[in-house]
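See structure below.
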Amino acid sequence: MNKHHDPTGPGGDQQITLRGPAELADALPYMMGFHPNDSIVLVALHGSRGRFGGRLRLGIPRSPREWQPVAEQLAECLIQGCERRGSRPDGIVVFLCQDPVGEETGLRVMERLRPLAQRLRTACGALEVPVYEALCISDGRHWSYCCPDSRCCPPEGSPLALPGTSVMAAAAAYAGIQVRGSLRELEERFAPLSTTDAPEQVRALDEAGAALVPRILEEQGRRQVAAETLALAGRLLDRMAGAPRTGACAAADSADDRLITHGEAAEVILGLQDRETRDRAAAWMEGPDAPAALRLWRALSRRCPGPYSEHAAAPLTLAGWVSWSTGDEPEARVAFGLALRADPEYVFARLLHQACNQGLDPETLRSCLRKAGGAQSAAGAGGALENPGSTGSRDFRGPSDPCTRAASRGRHPRPGRVRTSAGKQARASVRPRPDAAAARTRSRAGRRTGQRGARDGR
């Protein structure tokens, strides 16, 4: 068996030494905060004792044709991310997690994914970082792609430890670390409404779009829409705060959904498609506002069904930002990943996702938002919200540019790109024209009729 001495500290100075594939497999949910089903996970190891460092997760591509480029990109991203934080990894542990489908067995899953494991090992080795261990976890068992000794790593696989019975589980419980179900269960909290409620929400979004687009076409109207969006979002946040959550997550989320009408959800969702409006709403990231804001953004993410699924990128990114800001990195990564799945060109989600994965301190961005909010308050809200009293007692902070710059520190050097109306490539850092938000809202509202509009870096 390949021996591993991989200390990790669930809390404080406490260290746990993991020895062998079985203990590594058991530790994975505690490292991630959830069970990463249908995922590739890469974990960096540092030093002679194999201290855990950075980690990356990506869904397993369905087509084997994608495995080679994905393996190369993941290896490069993890190693470069560790180098940017000051320490090149000395080794990597690879996990492939996927449950059987239909009559498939865990053993069959392991054999099917063996070429992917080999590509990941080769990609890491090409960058001169060895893979110390590569594991497949499926159907309650684990297999090692690296250990040839059948006495400790039998061909039929080894059963995973019972939940809560391992040394890692005890240390995590002592440190207050919780494993909150599977990745699939976390993603379901952001899933669109059921088919019975979706048509009514789509109609509400259609009606709100028809009413808002003519106003957004004018600068004064756009500012008024921004003010109304933030004021309504503030009222919904107060409504959430006044209704404490009870029961399990699914029941509590359903109760939150009932607090928001379809029309209210439609107005806020469409209003958040404006970049500056979204960035001002991001100010609810700490203190007493944060828990209710997270519930609000989750609920709005669920109100983007069918033809409006791309609109979920804004509330999903806000949910991820609040989670990251309040220390919940597992949910933050899930929300950012879903935002990029909804809109791969959503720049704000990409920057925050990279910053979270690279272990940056969210206080940099929080400080930026506080400073921007103070400056805007002193300037009478900078003229952006010209409807006195419409925003209630809340301080809607902006502008967006300093915050975007703060989020982009340490990002991948290749610039993000977006599509223009002519179909050409443009850098995401270019500020949109004054009517860009109107064009985006108009184009999205028109997609249901087959129209296609401009895109900007959001």
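The values are calculated or read from the model by the stated rules, or taken from the named source; none is laboratory data. Remember, predicted model here, so these are calculated numbers, not experimental data. So basically every Cβ, Gly included, is an ideal-geometry build from the backbone, and we count neighbours across all protein chains shown. Side chains included, ligands, DNA and RNA excluded: accessible areas come from the protein's heavy atoms. Shrake-Rupley method; radii C 1.70, N 1.55, O 1.52, S 1.80 Å.
Structure values in brief
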read-out	value
Residue list for the range 86-99, restricted to those being on the phi < 0 side of the Ramachandran plot and surrounded by fewer than 15 Cβ atoms within 10 Å (Cβ to Cβ)	Ser87
Qualifying position, being buried (at least 17 other Cβ atoms within 10 Å of the Cβ) and over 22 Å from Ala27 (Cα atoms), among Ala134, Ala123	Ala123
Meets criteria (touching a residue at least 40 places away in the same chain (Cβ under 8 Å) and touching a Cys at 6+ places or on another chain (Cβ under 8 Å)) for Ala198	no
From the options Leu270, Leu193, residue that is open to solvent by less than 50 Å² (accessible area, probe 1.4 Å), assigned to a loop (DSSP other than H, G, I, E, B) and aliphatic (A, V, I, L, M)	Leu193
Residue list for the range 27-60, restricted to those being outside any loop (DSSP other than H, G, I, E, B), at pLDDT 85 or above, open to solvent by less than 20 Å² (accessible area, probe 1.4 Å) and farther than 22 Å from Ala161 by Cα	Ala44, Leu45, His46
Every residue from the range 286-297 that is surrounded by 23 or more Cβ atoms within 10 Å (Cβ to Cβ) and either on the phi > 0 side of the Ramachandran plot or in contact with a Pro (Cβ under 9 Å, 6 or more places away or on another chain) (or both)	Leu296, Trp297
One residue from Ser166, Ser144, Ser182 being of a type in the set (Ser, Thr, Tyr), modelled with pLDDT under 85, surrounded by 14 or more Cβ atoms within 10 Å (Cβ to Cβ) and more than 30 Å from Leu294 (Cβ to Cβ)	Ser166
Residues (among the acidic types (Asp, Glu) and either open to solvent by less than 10 Å² (accessible area, probe 1.4 Å) or at positive phi (or both)) located in the range 332-356	Asp343
Residue count, the range 147-163 (criterion: open to solvent by 60 Å² or more (accessible area, probe 1.4 Å) and either of a type in the set (D, E, K, R) or in contact with a Lys or Arg (Cβ under 6 Å, 6 or more places away or on another chain) (or both))	3
Close pairs (8 angstrom Cβ cut-off, 6 or more residues apart or separate chains): closer than 22 Å to Leu107 by Cβ in the range 117-139, open to solvent by less than 60 Å² (accessible area, probe 1.4 Å) and basic (Lys, Arg) anywhere	none
Complete set of residues in the range 273-285 that are basic (Lys, Arg) and either open to solvent by less than 20 Å² (accessible area, probe 1.4 Å) or in contact with a Cys (Cβ under 9 Å, 6 or more places away or on another chain) (or both)	Arg278, Arg280
All helices (runs of 4 or more DSSP H) inside the range 285-374 with 2 or more residues being under 28 Å from Leu78 (Cβ atoms)	313-325, 329-342, 347-357
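For (1) of a type in the set (S, T, N, Q); (2) touching a helix residue (DSSP H, G or I) at 6+ places or on another chain (Cβ under 9 Å); (3) surrounded by 15 or more Cβ atoms within 10 Å (Cβ to Cβ); (4) not in a helix (DSSP H, G or I), each residue gets a yes or a no:
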| position | (1), (2), (3), (4) |
| --- | --- |
| Arg215 | no, yes, yes, no |
| Arg222 | no, yes, yes, no |
| Ala226 | no, yes, yes, no |
| Ala231 | no, no, yes, no |
| Leu237 | no, yes, yes, no |
| Arg245 | no, yes, yes, yes |
| Ala251 | no, no, no, no |
| Ser254 | yes, no, no, no |
